[in-house]
Amino acid sequence: MSSHRPLSLTTAVLINVNVMLGIGIFINTVELTKRAGAFGPIAYAIVGIMLLPLIISIAELIKLHPQGGFYVYAQKEISTFAGFLSAWGYFTGKLGSGAIVLHTAVRLIQHVIPLLQPIPTLMLDALMICLFVGLNTLNMQAGGSIQKGFMVSKTIPIFFAILVGLFLFQPSFICAAPFDWAGIASSIPLVLFATVGFEAACSISSKIQDPEKNGARAILISYALVICTVMLYQTMFYGALGPSLAEKNSYLEAFPALLNHLFSGHPYLAAVIGNLLHLGLAASALGGSYGTMFTNGWNLYTLGTHGHLFFGKIFTHLNCHAIPVACIIVEGIIYMSYLLISHGNQVPLQQLGALGCVLGYTFSVLALLVACWKRKYTHIKLWIPLLGLINCLILIGSCVRGMLISGPASFIALCVLLLFGTGMFWIRNSMYRPTTQRQP
């Protein structure tokens, strides 16, 4: 019975924070500075405000349908097909973000351990994916413990950067910086990638203790914690290094630059601490990727329980720890496929992950809008989901535009998966109409 105990509010918050506060905050450090300069934190604030109506809407949906998720929200309020597209679009797109953060972790580990550098990065990616698939077949309490371990390791480089930034902070770097609205606007898809993940509680809401209350609380608490942290992190990093941060080639040079500035004249000490911090960054990335696989598989499981998948019984079979193993294996296959198609290119996979999330958000906020319009179940004001819908449409346009500019291969891959899913839904719908629906 212990393996079936519900997750506590604290564990649910940790899972959400672990998914949100992943490698995105680190890989954005240099790229965000190149685009928005000193005003990179403003991009986080803008996205944070834009997402607020959406956050409230998702929290309200958990209250209305505590045993549900992206499928149930749209299926109950709109249609079965809308529910399928919401869950399928989120499931397939979100795995793009899980893939890129895992790839980033492997690159960081190779950077720290020279013996691993001759090995192809994609081969190490495949080994790590196999490890994650195995770990995710364990019971959910073990998964929560793994999340706590990753959470502790990722806070070290974050707070180190904040504390060093406070020590080295130069107000003139901020005051003299020119305001670039176009650069801030172009940063939004990257920032969105670093801030999504608050919805992880939706996928596991039925597994949370007292989900009517704690599901919504997990979203709101984790969202507030992450937005404040990422803004402070980016501000302190730029405040310490100024415009020179934009001259770095990638995120791999960000912490070494900070350490060389802090320990000028002691290159060996800077190198040792830099390697330790990069290991912390790798743990952060692994935690985010593990958290994505940990929660996202339940979306595929839900589609299986409602008869929308080919070979559905395989995906609804639970092992002795009540984990849908086949769903986890499919996640691993899609992880690797995205990495092979994109060659581990950072920006397209970031935007792919963001777009997948926004697809789920859009159908969910539409569901709440319909519920409000019909005056069903909820007392929330109509303008909140309406504003959330407008924000989703803006974010979809921004993500699609960014993907087409940076490289359409990942966008085409997502479209193929969406078309495959649509065909699968209609074939299954014509062949099989379940009389009962098992709860995940």
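For the stretch 76-91, a residue qualifies if it is surrounded by fewer than 24 Cβ atoms within 10 Å (Cβ to Cβ) and either polar (S, T, N, Q) or not in a helix (DSSP H, G or I) (or both), and the qualifying residues are 78, 79, 80. From the list 94, 34, the one residue that fits, being touching a Gly at 6+ places or on another chain (Cβ under 6 Å) and in a helix (DSSP H, G or I), is 94. Screening residue 118 on (1) more than 20 Å from residue 188 (Cα to Cα); (2) under 18 Å from the mean Cα position of the chain (by Cα) shows it passes everything except condition (2). Restricting attention to the stretch 34-52, the residues being surrounded by 22 or more Cβ atoms within 10 Å (Cβ to Cβ) and more than 20 Å from residue 247 (Cβ to Cβ) number 3. Can we say residue 337 is of a type outside the set (Val, Ile, Thr) and within 14 Å of the chain's Cα centre (by Cα)? Spelling it out, it is not the case that residue 337 is of a type outside the set (Val, Ile, Thr) and within 14 Å of the chain's Cα centre (by Cα). Under 6 Å by Cβ, and 6 or more places apart or on different chains, what pairs join a residue from the stretch 210-229 that is touching a residue at least 24 places away in the same chain (Cβ under 8 Å) and closer than 12 Å to residue 66 by Cα with one that is hydroxyl-bearing (Ser, Thr, Tyr) and assigned to a helix (DSSP H, G or I)? Matching pairs, first to second residue: 211/205; 215/205.
Within the stretch 365-379, if we keep just the residues that are in contact with a Leu (Cβ under 7 Å, 6 or more places away or on another chain) and of a type in the set (Val, Ile, Thr), the residue that is modelled with the highest pLDDT turns out to be 365. Residues that are surrounded by fewer than 24 Cβ atoms within 10 Å (Cβ to Cβ) and either under 19 Å from the mean Cα position of the chain (by Cα) or at positive phi (or both) are absent from the stretch 18-28 altogether.
Note on the stretch 53-69: among residues that are outside any helix (DSSP H, G or I) and surrounded by fewer than 22 Cβ atoms within 10 Å (Cβ to Cβ), the one that is modelled with the highest pLDDT is 66.
For the condition within 30 Å of residue 136 (Cβ to Cβ) and either more than 17 Å from the chain's Cα centre (by Cα) or touching a residue at least 24 places away in the same chain (Cβ under 8 Å) (or both), residue 289 qualifies. For residue 94, the conditions (1) at pLDDT below 90; (2) buried (at least 24 other Cβ atoms within 10 Å of the Cβ); (3) touching a His at 6+ places or on another chain (Cβ under 8 Å) all hold with the exception of (3).
The values are calculated or read from the model by the stated rules, or taken from the named source; none is laboratory data. Just so we're clear, the structure is a prediction, and the values are computed from it rather than from any experiment. Here the Cβ is made from the backbone with ideal geometry for all residues, glycine too, and neighbour counts use every protein chain on show.
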